[in-house]
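**Student:** Can you read through this structure? Questions will come right after.
None of the figures in this text is laboratory data; all of them are computed from the coordinates on show. Here the structure is a predicted model, which is why all the values come from computation and not from measurement. Backbone-built Cβ (ideal geometry, glycine too); neighbour counts: all protein chains shown.
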């Protein structure tokens with residue numbers, strides 16, 4: 001009989017290395033261990049205290065309305081303006097000369113934008129949007145490169161109560177069109193283009209194509225970034241004319257705590273995208289608190305850099321709303337980590353004296369592949385906190401990050417959260433937690449996360465199963481835009497009274513959490529449920545491996561056989577003996593049940609534009625069938641290159 005998921009997900013990868021914070025870091029930390037006790041004693045009072053970190057125009061009547069679960073309302077009756085909390089209050093407090101954004105364009109152009117300058121531009125943009133007929137409640141779609149105007153557009157929408165929907169600037173016309181149409185957007189804000197990998201790319205033509213089937217859009221506001229030639233239509237308005245010519249006098253009006261702030265579409269590979277709806281008061285409370293707590297931000301001295309794109313939720317919560325509500329100085333970089341050279345990120349860290357860096361495991365593994373000598377050329381001694389986001393991080397990548405980027409002493413905070421959760425849910429606190437490589441460790445104060453079995457019962461320490469959230473949280477999604485039933489069916493139907501979004505997890509013997517990726521990616525091998533994440537981590541722990549992606553392929557004997565696609569580090573070369581060594585290494589690390597049937601060496605892996613590996617396409621190769629839809633890939637030619645360059649070792 002097949003083992004149950006919670007039995008077999010529990011016992012593969014083990015990790016006994018721990019890294020406690022230094023006494024000096026602990027002594028100066030923003031949040032101490034007392035926060036866990038405060039939240040445990042009275043969870044709602046804890047979140048009420050965090051909401052007091054913001055400026056409210058009107059106090060709330062009730063912290064949480066959970067009368068109609070799962071439709072939550074936080075800080076009901078309270079009113080605030082999200083934009084004013086990110087800008088006006090800092091300028092009013094005498095911080096107008098503080099740099100809000102150090103912008104680094106890919107071609108090397110730079111801008112330092114102060115809080116006073118940013119507020120001035122946001123006020124002008126708010127007036128321009130109003131002049132274009134945008135009112136509170138109207139939806140605005142933003143389709144931009146990573147330039148300061150993207151943040152200005154978001155904050156201007158928030159200022160006038162117009163929910164924004166940011167669409168990543170790499171999405172196709174069809175993907176953009178479906179999101180505009182679903183939101184019923186009145187206005188699109190875009191740029192002529194941006195710079196990526198050493199050349200200009202166009203955005204405006206994609207917008208024009210998308211709008212052929214979007215009757216709700218009345219006008220398009222266009223930022224000039226590259227100066228390239230673009231077609232011009234009657235509905236198009238230049239940002240420089242509309243915003244530059246607008247008044248910089250604008251009084252921010254308060255909105256209800258539950259007023260919609262943004263819709264962000266999850267990029268599923270099939271079916272209609274889900275428009276995740278976030279509101280204002282609860283969202284900003286948790287985004288602001290978690291940024292303050294998890295990254296230990298000292299706004300007077302820190303220089304913070306989140307390398308995400310504004311089109312993803314990480315860019316919303318940890319580039320715009322979290323950092324700016326806390327008065328942070330941050331870096332915004334337009335381009336890619338390897339343009340014009342593979343040391344570009346470290347050059348930027350050195351140039352601006354970055355102290356807090358938040359990036360993705362896929363980027364960290366890429367840096368490992370490029371070699372230890374690249375970051376060694378730069379002075380990274382300013383860094384004091386490192387963060388990881390986007391997917392589970394392999395323990396060896398975690399250790400490499402700490403050693404080669406953090407100088408062997410910098411705390412690493414591995415964070416688990418989702419578009420749907422709005423803000424970080426599970427993470428170490430850098431001044432409190434003895435961190436473990438690869439573990440997100442424990443829920444933050446005020447957050448109730450658990451691992452349960454198929455019956456919804458909590459698993460014991462050492463057990464594995466399904467990651468759920470037991471209690472409502474301030475930054476939670478309120479619904480799927482226009483589709484309450486889909487919201488219920490997608491997130492609340494699997495376990496009674498608990499939120500479940502599809503991730504597997506385990507608790508170690510200390511009760512710390514280990515994320516195992518999507519339950520959909522768990523393989524059934526000879527009756528055992530095996531996580532792709534753990535096999536990938538085992539492979540990356542081999543000194544020659546930079547990155548690995550693992551899939552289960554149909555097998556007549558075992559049900560599914562494990563097939564691993566591996567990128568080698570630096571100058572490493574492969575041979576039949578090397579492939580056999582990799583397979584044996586996994587067996588030694590995890591047990592014979594997890595030994596790959598086949599290891600295939602590749603130069604690259606198929607990834608979405610947010611860096612997630614598309615395992616279903618690798619499954620197509622492993623099962624020797626026609627390659628499926630590649631439109632969501634960052635590079636849709638990668639699959640043909642993988643197919644033509646295959647070299648792999650099978651079990652004898």
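**Student:** Can you order the peptides 538-551, 279-292, 120-133, 25-38 by their average number of other Cβ atoms within 10 Å per residue, highest first? Working shown, then result.
**Tutor:** Numbers: 538-551: 23.4, 279-292: 27.7, 120-133: 21.4, 25-38: 14.9.
Per-residue mean Cβ counts within 10 Å order the peptides as 279-292, 538-551, 120-133, 25-38.
**Student:** How many angstrom lie between the Cα centre of region 300-321 and the Cα centre of region 583-615?
**Tutor:** If we compute the Cα centre of each part, the gap is 30 Å.
**Student:** Of the beta bridges DSSP finds with both residues in the chain, what % are antiparallel, to the nearest 5? It would help to have the intermediate numbers written out before the result.
**Tutor:** Values: 62 of 99 bridges.
Restricted to the chain, the bridges split so that about 65 percent are antiparallel.
**Student:** Separate question: What is the calculated FRET efficiency for residue 199 to residue 247, with r their C-beta to C-beta distance and R₀ = 30 Å, to the nearest 0.05? Write out the running numbers ahead of the final one.
**Tutor:** Details: r = 37 Å, r/R0 = 1.24.
E(calc), rounded to 0.05, equals 0.20.
**Student:** Suppose the chain between residue 28 and residue 14 were pulled fully straight at 0.36 nm per residue; how much longer would it get relative to their current alpha carbon spacing?
**Tutor:** Details: separation 14, 0.36 × 14 = 5.04 nm, distance 3.19 nm.
Contour length minus the Cα-Cα distance gives 1.8 nm.
**Student:** Can you compute the FRET efficiency between residue 509 and residue 40 using 1/(1 + (r/R0)^6), with r the Cβ-Cβ distance and R0 = 30 Å? Round to the nearest 0.05.
**Tutor:** Working: r = 22 Å, r/R0 = 0.72.
Plugging the Cβ-Cβ distance into 1/(1 + (r/R0)^6) gives 0.90.
**Student:** Just check region 426-540 against the gyration tensor rule for me: Cα atoms, a ≥ b ≥ c as the square roots of the eigenvalues, rounded for a/c under 1.5, and otherwise prolate or oblate depending on whether a/b exceeds b/c.
**Tutor:** Working: a/c = 1.82, a/b = 1.21, b/c = 1.50.
Here region 426-540 falls in the oblate category.
**Student:** Calculate for the chain the 222 nm mean residue ellipticity that helices alone would give, adding -39,500 (n - 2.57) per DSSP H run of length 4 or more and normalising by residue count, nearest 500 deg cm²/dmol. List each step's numbers first, then the result.
**Tutor:** Working: 22 runs with 183 residues, N = 652.
The per-residue figure over the chain is -7500 deg cm²/dmol.
**Student:** Taking the beta-carbon count within 10 Å as an exposure proxy, list 424, 600 from fewest neighbours to most.
**Tutor:** Working: 424 29, 600 22.
In increasing order of surrounding Cβ atoms, one gets 600, 424.
**Student:** Follow-up. Between residue 637 and residue 71, what is the label-point separation in nm under the 7 Å Cα-to-beta-carbon projection?
**Tutor:** 5.0 nm
**Student:** I would also like to ask the following. Of the peptides 389-395, 220-226, how do they stack up when ordered by the mean number of other Cβ atoms within 10 Å, highest first? Working shown, then result.
**Tutor:** Working: 389-395: 23.6, 220-226: 21.3.
Packing proxy ranking, top to bottom: 389-395, 220-226.
**Student:** Further question on the same structure: Within region 406-436, name every residue whose backbone N is under 16 Å away from a label modeled 7 Å from Cα of residue 492 along the Cβ vector.
**Tutor:** Under 16 Å, as judged by backbone N against the label point of residue 492, lie 420-421 of region 406-436.
**Student:** May I pose another question? For residue 339 and residue 55, what is the calculated FRET efficiency with R₀ set at 41 Å and r taken between the beta-carbons, to the nearest 0.05?
**Tutor:** According to the calculation, E is roughly 0.55.
**Student:** Please give the residues of region 563-589, grouped as numeric ranges, whose backbone N is less than 20 Å from a label point set 7 Å along the Cα-to-Cβ vector of residue 624.
**Tutor:** Zone members listed by number: 563-566.
**Student:** Still on this structure, I have one more. Going by C-beta contacts inside 10 Å, put 234, 67, 489 in order with the fewest on the left. Walk me through the intermediate numbers first.
**Tutor:** Values: 234 6, 67 9, 489 12.
So the residues, fewest neighbours to most, are 234, 67, 489.
**Student:** How would you classify region 542-650 from its alpha-carbon gyration tensor, with a ≥ b ≥ c the square roots of the eigenvalues: rounded for a/c under 1.5, else prolate if a/b is greater than b/c, otherwise oblate?
**Tutor:** On the way: a/c = 1.83, a/b = 1.29, b/c = 1.43.
Since a/c reaches 1.5 but b/c is at least a/b, the shape of region 542-650 is classed as oblate.
**Student:** Angle, helix 173-183 long axis vs. longest principal axis of the chain, Cα atoms, 0 to 90°, nearest 10?
**Tutor:** With both axes taken from Cα atoms, the answer is about 60 degrees.
**Student:** Right, something else. Measuring from label point to label point, each 7 Å out along Cα→Cβ, what is the residue 240 to residue 173 span in nm?
**Tutor:** About 2.6 nm separates the two model spin labels.
**Student:** What does the extension gain come out to for residue 373 and residue 62, with contour length at 0.36 nm per residue minus their alpha carbon separation? Present the calculation step by step, with values, prior to reporting the outcome.
**Tutor:** Values: separation 311, 0.36 × 311 = 111.96 nm, distance 5.53 nm.
Fully extending the segment from residue 373 to residue 62 adds 106.4 nm.
**Student:** What is the gain in length, in nm to one decimal, between residue 233 and residue 455 on full extension, counting 0.36 nm per residue of separation less the C-alpha to C-alpha distance? Intermediate results must be reported in sequence, preceding the final value.
**Tutor:** Working: separation 222, 0.36 × 222 = 79.92 nm, distance 5.73 nm.
Stretched out fully, the residue 233 to residue 455 stretch lengthens by 74.2 nm.
**Student:** Additional query: Where the centroid of each part is defined by its Cα atoms, how far is region 116-175 from region 416-475 in Å?
**Tutor:** Taking the Cα centre of region 416-475 as reference, the centre of region 116-175 is 33 Å away.
**Student:** Just report the Cα centroid separation between region 355-382 and region 243-262, whole Å.
**Tutor:** Result: 38 Å between the Cα centres.
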